[in-house]
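The values are calculated or read from the model by the stated rules, or taken from the named source; none is laboratory data. Quick caveat: nothing in here was measured; it's all calculated off a predicted structure. Here Cβ is always computed from backbone atoms with ideal geometry, including for glycine, and neighbour counts include all displayed protein chains.
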Amino acid sequence: MIESLRYILPAYFSNASAVLWGKYYGSRRLDLGRSFRGKPLFGSHKTIEGFLGAIFTAFAISVIQRSFFRRPTPIEGFLLGLGAMVGDAFGSFLKRRIGIAPGEPFWIGDQDLFVLFAILFVYPLFHMPLSWIVFLLVITPVIHISFNVLAYKLGLKDVRWRV
C-alpha cells in the first residue's frame with residue numbers, strides 16, 4: 001500500500017499545490033468567465049495559473065522521485081498531474097451544476113475524482129493494480145480532508161471543510 005501512495009504522490013501534490021499557485025500567482029479564471037446554463041463553468045477559485053502550476057508541481061515531484069525509484073517516470077508524473085487537475089475541474093463543473101458554492105464540500109467530487117482521473121490519464125503507461133486503486137479510493141478522502149483542514153488553519157483556504 002505504501003507503494004501505491006508513493007506512486008500517486010505527484011497527483012496529491014498537484015491537487016494540493018493548485019491552491020498555492022492560484023492564491024499567489026492566479027488571476028485568470030480557468031473558465032475565462034464563461035458560463036454553462038447560467039452558471040460558471042468552474043468558478044472563480046479555479047485559475048489558469050493554478051491549473052498549470054499544479055501540473056508542473058506533479059512533474060517536478062516525479063523528477064525528484066525518479067532519483068530514488070523506478071516509477072513514476074516524469075511523463076507519468078505529468079499525466080498524473082494533468083489527470084488530477086482535469087478531475088478537479090470536472091468536480092468543480094459538477095458542483096456548479098448542482099449549486100454547491102466554491103470551497104464548499106462535495107463528498108466524492110472533492111476527494112476521489114482527482115485520483116480517478118489521474119489513474120485514467122496514466123493508464124496507457126502504467127496499469128495500476130486494482131488493489132492499489134481500491135486502497136487509494138478509500139484512503140484519499142481521509143488524506144484530502146486532513147490537508148483541507150490544515151490549509152484552512154494556515155489561511156490558504158477561505159472555507160473550512162466540513163462533512
* Working carefully through the options I64, I100, find the one that is without any contact (Cβ under 8 Å) to a residue 12 or more places away in the chain and either of a type in the set (D, E, K, R) or buried (at least 17 other Cβ atoms within 10 Å of the Cβ) (or both). => I100
* **Counted residues, the stretch 9-52 - those being part of a helix (DSSP H, G or I) and touching a residue at least 40 places away in the same chain (Cβ under 8 Å)** => 13
* Structure fact -> Checked the stretch 32-50 for anything surrounded by fewer than 20 Cβ atoms within 10 Å (Cβ to Cβ) and under 19 Å from F114 (Cα atoms); matches are L41, G43, S44, I48, E49
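Go through K39, K46, K95 for me and flag whichever is at pLDDT below 95, under 13 Å from the mean Cα position of the chain (by Cα) and at negative phi.
From the options K39, K46, K95, the qualifying one is K46.
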* Asked: Taking only pairs six or more apart or across chains, which ones have beta-carbon atoms under 9 Å, a first residue in the stretch 128-156 that is under 17 Å from P105 (Cα atoms), and a second residue that is in a helix (DSSP H, G or I) and basic (K, R)?
  -> L156/K23
